[in-house]
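A.B. asks: First the structure, which I've put down as structure tokens, then a few questions once you've had a look.
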4 protein chains.
Amino acid sequence: MKRIWILLIATVLVNQAMAQLPDPGFTIDDRTAIIITDPQNDFLSPDGVTWGVVGKSVQENNTVDNIETLFKLGEKYDIPVFVSPHYYYPHDHQWKMEGALEVLMHNIGMFDRKDALSLEGFEGSGADWLAQYKKYIETENVVVTSPHKVYGPETNDLVLQLRKRGIDKVILGGMSANLCTEAHMRELAEQGFGVAVVKDATAAAILPDLNGYEAAVTNFRMIASHVYTTDELVSEFSKRSVNSNK
Amino acid sequence: MKRIWILLIATVLVNQAMAQLPDPGFTIDDRTAIIITDPQNDFLSPDGVTWGVVGKSVQENNTVDNIETLFKLGEKYDIPVFVSPHYYYPHDHQWKMEGALEVLMHNIGMFDRKDALSLEGFEGSGADWLAQYKKYIETENVVVTSPHKVYGPETNDLVLQLRKRGIDKVILGGMSANLCTEAHMRELAEQGFGVAVVKDATAAAILPDLNGYEAAVTNFRMIASHVYTTDELVSEFSKRSVNSNK
Amino acid sequence: MKRIWILLIATVLVNQAMAQLPDPGFTIDDRTAIIITDPQNDFLSPDGVTWGVVGKSVQENNTVDNIETLFKLGEKYDIPVFVSPHYYYPHDHQWKMEGALEVLMHNIGMFDRKDALSLEGFEGSGADWLAQYKKYIETENVVVTSPHKVYGPETNDLVLQLRKRGIDKVILGGMSANLCTEAHMRELAEQGFGVAVVKDATAAAILPDLNGYEAAVTNFRMIASHVYTTDELVSEFSKRSVNSNK
Amino acid sequence: MKRIWILLIATVLVNQAMAQLPDPGFTIDDRTAIIITDPQNDFLSPDGVTWGVVGKSVQENNTVDNIETLFKLGEKYDIPVFVSPHYYYPHDHQWKMEGALEVLMHNIGMFDRKDALSLEGFEGSGADWLAQYKKYIETENVVVTSPHKVYGPETNDLVLQLRKRGIDKVILGGMSANLCTEAHMRELAEQGFGVAVVKDATAAAILPDLNGYEAAVTNFRMIASHVYTTDELVSEFSKRSVNSNK
């Protein structure tokens, strides 16, 4: 009889604990970096191949400007920024096993480049950086990694580049919310990084019955150490001293 | 002027392509395995520590019986089954960086065991298998991997065990939908496996404003090669010849 | 007394087993690929920055021609060839933690490129392909992966590219024997591939008291499924039918 | 003509750089851990299945005592120690693709256990810890990871456990030198850790024409940030303050 009471009380306490999902929090320090996934035309430009399904989410979140804010914060506060791009080459179109969106991305020529060692046709293409980000990416503060090939950084050098600089906490934004951004959040968590996500510095495809953005926000909240809005992040950074060289 | 028309037509075609999200499909063959994540009391038993938040989803999906059906299909059709469990030891409670649900899981003692080399208190605990699955797991057809430690198989030997048996396609079920199950789907896709998910052989925490199950189903549909219901999978298997030894 | 005899006999049997190190063997089939690491000037050209320490080993093994034979075999017998290159960018020179040869490679400017998205100064540089391999690498039969960044394929997309084509066995050659080639052998074994190494289609730095080539051959023999010479491999391939399109 | 002189001088300088292989060095600090691979009977006990081929090297290096010194240093100076064990279960004997020593290890029953969830027959077996290490391993200062399954930590949770405690530099010893110990050195380097190796707190199989220990020492020197002897490491630690609680 006593055991039942204990069990009941324990259940109530656990349910309360679950309802109050903890927010472990995130402190920006000298071992922190900003990571931006896929800041490329095919996601963020009205000319990009996915604008028809992601454009509304990009506009509602003000994603293009919010990602630019992340680049600016990195520069202003001397926090390194890592860009993880997405490129496909002709040989990637020969894959025998693919998931739904992999098939789609190849069908619509998303992120296509001619060759890893060719820049022919690259400038201004869907695979190129959104024009307004180029002045940030082409500075010494930004490390551009090798391309990821499915959604996550398992297939590029992002984790190594972070570790080789002593980074162990990351602030994450970029495209698209439930695919590459979430895949980076998940893999970086598996690698033991502290991860915060900026939920309006990203956006996602919204299809009939499939709201990619809502799925991402749910998983950000459950998996990351903290979820920021861009405004909250700006406020958080303002407590730090400005990089005096810039 | 002509360019605008071409662009418009291209946009319409791409939007149609996106709206008709492809379904690459999945064929069960001799290189296919079934994978089950976390078939353990803390998720699936009314006595488990998460029942208060996952119980409703487990009951609505008929998850407990559907996972049992996966075990039965493996046995009947001679398809190997791999179980990827989730255990925490005292030293895991000393982690310095954690995400929201990692903190919660440790707070509520989820999946806790005394020691990797001790079985004291394990039998019937939240970390133990759901009782009705034991007769399947304790056969030669099932490989139990080392525990995963965050959500995905990056920290255990699942990928190696699959590859060492020549498996390159997997059918995935288990708990919980948007956490370990989805993390396994994503990592196995990054490793080049063909992945199908059984969407009612899983379930998830549903919190106020955070529907883990809906998030998972969205990502299953976008990322996997195919999404089955358990009934559809049973029907698909029925086209194969039965394992005559069993 | 009896136990001692059993123990003695067991020890003798085990020692015999060890002395007769098994050779599991390797069968070339439709799931087999050839992998070549670092076929670049800095290792293989007399103008390359490491020629002073690897040149002797390259010449003794006839490495340059033997690697060319691997490219030819792939083409003739329609076996896909994957090239895993080694590039360093300016930001790689900012790494805070490095091993001995990483420091050295950066000191001597090995494999340096200006930028992942720039080909300025690349043609004919130490990072470029050895000239005589270009005609093979620039065909559809060859997949060039992203660069590895330490020694192994953990930081590039080689494993994914192999798996996406259904490859599960690899024949390995390239430079240098105990560093990138061995690192590829080891990581591919950890990923569950069957691995054979061509021991004279590679070479290594030989320093006073540090014979990199001997170290590599020892580990090839102990870790790989089979070790070929180039001649043996040619003979093995000759049992297969020639690609009639080429 | 002038170009030839520049080339000649450059070559001489590079050769000198190579001949003087850099020693990047290693500083023990609060982010440093000790890692010990396979401190188990099958390698270190005269009753172990490999003693016939590794025993001589173990005795020459004084490996058993030197590994014990590593455990003692961790305790005395409050440096966490991580043990990465090697276990094989019955299902591991069904692997279809294996390298030479994997075949051998399975043939001789090395590291065999009955089941991950059974301790039947484990106590004192070849898979158990060497008896004299048990008092160290069974303390709170030591984290025992899941077993690695080939040679490296790719298949267990070592990297995560290190990162979750904020470790980014490791001191490595254990068995056997050119197999699991070297595989751990290499993978930890690929993961961006600073790695030092204790070259006489390890040993290796020495077969006719295959000296595993020499191979390992060559690769330790070329790949690690620093190579210590146990005496040098003791001396290095003596500069630190002693853990006052012990």
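The numbers here are math on the coordinates, done by the rules we state, and not lab data. Bear in mind the structure is a predicted one, so any value in this text is a computation, not a measurement. Note that we place each Cβ from the backbone using ideal geometry, even for glycine, and neighbour counts take in every protein chain shown.
A.B. asks: If you put +1 on each Lys and Arg Cβ and -1 on each Asp and Glu Cβ, how big is the dipole of the range A:55-159 around its Cα centre, in Debye rounded to 20?
C.D. replies: 140
A.B. asks: Could you give me the ³J(HN,Hα) list for the range B:131-143, computed from phi with Karplus coefficients 6.51, -1.76, 1.60 and θ = phi - 60°, whole Hz, x at Gly and Pro?
C.D. replies: Each residue of the range B:131-143 in turn: 3, 6, 8, 4, 5, 7, 5, 8, 10, 6, 6, 10, 9 Hz.
A.B. asks: Considering amide H positions built from the backbone, and no H for Pro or chain starts, which residues 5 or more places from B:LEU130, or on another chain, come under 5 Å of its amide H?
C.D. replies: It is B:GLN40, B:ASN41, by chain and number.
A.B. asks: Now for a different question. Cα gyration tensor of the range A:165-204, axes a ≥ b ≥ c as square roots of the eigenvalues: rounded (a/c below 1.5), prolate (a/b > b/c) or oblate?
C.D. replies: Prolate, since a/c reaches 1.5 and a/b exceeds b/c.
A.B. asks: Which residue, chosen from B:TYR228, B:ILE206, B:ALA183, occupies the Cα position most advanced towards the positive end of the dipole of the range B:137-246, where the dipole is computed from +1 (Lys, Arg) and -1 (Asp, Glu) charges on Cβ about the Cα centre?
C.D. replies: Value computed over the given set: B:TYR228.
A.B. asks: Report, in deg cm²/dmol and to the nearest 500, the calculated mean residue ellipticity at 222 nm for chain B, where each DSSP H run with n ≥ 4 adds -39500 (n - 2.57) and the sum is divided by the residue count.
C.D. replies: My calculation for chain B gives -11500 deg cm²/dmol from helical runs alone.
A.B. asks: To the nearest 10 degrees, how steeply does helix B:2-19 sit against the main Cα axis of chain B, on a 0 to 90 scale?
C.D. replies: That helix lies at roughly 30 degrees to the long axis.
A.B. asks: Hey, got the average number of other protein chain Cβ atoms within 10 angstrom for residues in B:47-57?
C.D. replies: Counting Cβ atoms of other protein chains within 10 Å of each residue's Cβ and averaging gives 3.
A.B. asks: When a/c is below 1.5 the answer is rounded, else prolate if a/b is larger than b/c, else oblate, so apply that to the protein assembly as shown with a ≥ b ≥ c taken from the square roots of the Cα gyration tensor eigenvalues.
C.D. replies: rounded
A.B. asks: Let me ask something else about it. What residue of chain C has the nearest C-beta to the axis that moves C onto D, and what is that distance in Å, given as a whole number?
C.D. replies: Residue of C nearest the axis onto D, distance in Å: C:ALA215, 2.
A.B. asks: Every other copy gets compared here: list the nm distances from the C:GLU123 label point (7 Å along Cα to Cβ) to its counterparts, shortest first, one decimal.
C.D. replies: Reported distances to equivalent positions: 1.7, 7.5, 7.6 nm.
A.B. asks: Around A:SER176, which amide H atoms from residues at least 5 apart in sequence, or from another chain, sit under 5 Å from its own amide H, with H modelled in the peptide plane?
C.D. replies: Under 5 Å from the amide H of A:SER176: A:THR181.
A.B. asks: Two-decimal Rg/Rh of chain A from alpha-carbon positions, Kirkwood Rh?
C.D. replies: My calculation of the ratio gives 1.03.
A.B. asks: Could you pull out every residue, at least 5 positions away or on a different chain, whose amide H is within less than 5 Å of the one on C:VAL83? Hs are placed 1.01 Å off N in the peptide plane, and Pro or chain starts have none.
C.D. replies: Those qualifying (amide H under 5 Å, at least 5 residues apart or on another chain) are C:ILE36, C:VAL143, C:VAL144, C:THR145.
A.B. asks: Please sort B:33-46, D:27-40, B:83-96, C:131-144 by packing, taking for each peptide the average over its residues of neighbouring beta carbons within 10 angstrom, highest first.
C.D. replies: Per-residue Cβ counts within 10 Å, averaged per peptide and sorted highest first, yield B:33-46, D:27-40, B:83-96, C:131-144.
A.B. asks: If the label for D:ASP65 sits 7 angstrom from Cα along the Cα-to-Cβ line, what are its distances to the same label in every other copy, in nm to one decimal, shortest first?
C.D. replies: From this label point to the equivalent ones elsewhere in the assembly: 5.4, 6.8, 7.3 nm.
A.B. asks: HN-Hα J couplings of the range B:206-222 from phi, Karplus 6.51/-1.76/1.60, θ = phi - 60°, integer Hz, Gly and Pro as x?
C.D. replies: Karplus-based 3J(HN,Hα) across the range B:206-222 equals 10, 10, x, 6, 10, 9, x, 6, 4, 4, 5, 4, 4, 6, 4, 5, 7 Hz.
A.B. asks: Under a straight-distance cross-link criterion of Cα-Cα below 22 Å, which lysines are reachable from B:LYS239, leaving out those fewer than 8 residues away in the same chain?
C.D. replies: Cross-link targets: B:LYS72, B:LYS76, B:LYS169, B:LYS199.
A.B. asks: On to the next question. Normalised by the residues of chain A, what does the relative contact order come to in percent, with Cα pairs under 8 Å and at least six apart?
C.D. replies: Computed over chain A, the figure is 26 percent.
A.B. asks: In addition: Can you give the charge dipole size of the range C:30-237 about its Cα centre, rounded to the nearest 20 debye, using +1 on the beta carbon of Lys and Arg and -1 on the beta carbon of Asp and Glu?
C.D. replies: 360
A.B. asks: Next up: Nearest 10 degrees, 0 to 90: what angle lies between the long axis of helix C:51-61 and the longest principal axis of chain C (Cα atoms)?
C.D. replies: 50
A.B. asks: Is the shape of the range B:100-246 rounded, prolate or oblate, going by the alpha carbon gyration tensor and its root eigenvalues a ≥ b ≥ c, with a/c under 1.5 for rounded and a/b larger than b/c for prolate?
C.D. replies: Oblate, because a/c is 1.5 or more while a/b does not exceed b/c.
A.B. asks: Distances from C:THR139 to the same position in the other copies: list them in nm, one decimal, shortest first, using label points 7 Å from Cα along Cα→Cβ.
C.D. replies: 4.7, 5.0, 6.3
A.B. asks: If you count, for every residue in D:103-111, the Cβ atoms of partner chains within 10 Å of its Cβ, what is the mean?
C.D. replies: 3
A.B. asks: Using θ = phi - 60° and the Karplus form 6.51 cos²θ - 1.76 cosθ + 1.60, what ³J(HN,Hα) does each residue of the range C:122-127 get, whole Hz, x for Gly and Pro?
C.D. replies: 6, 3, x, 6, x, 7
A.B. asks: Say each of D:LYS96 and A:SER241 gets a label point 7 Å from the Cα, pointing the same way as Cα to Cβ; how far apart are those two points in nm?
C.D. replies: 6.2
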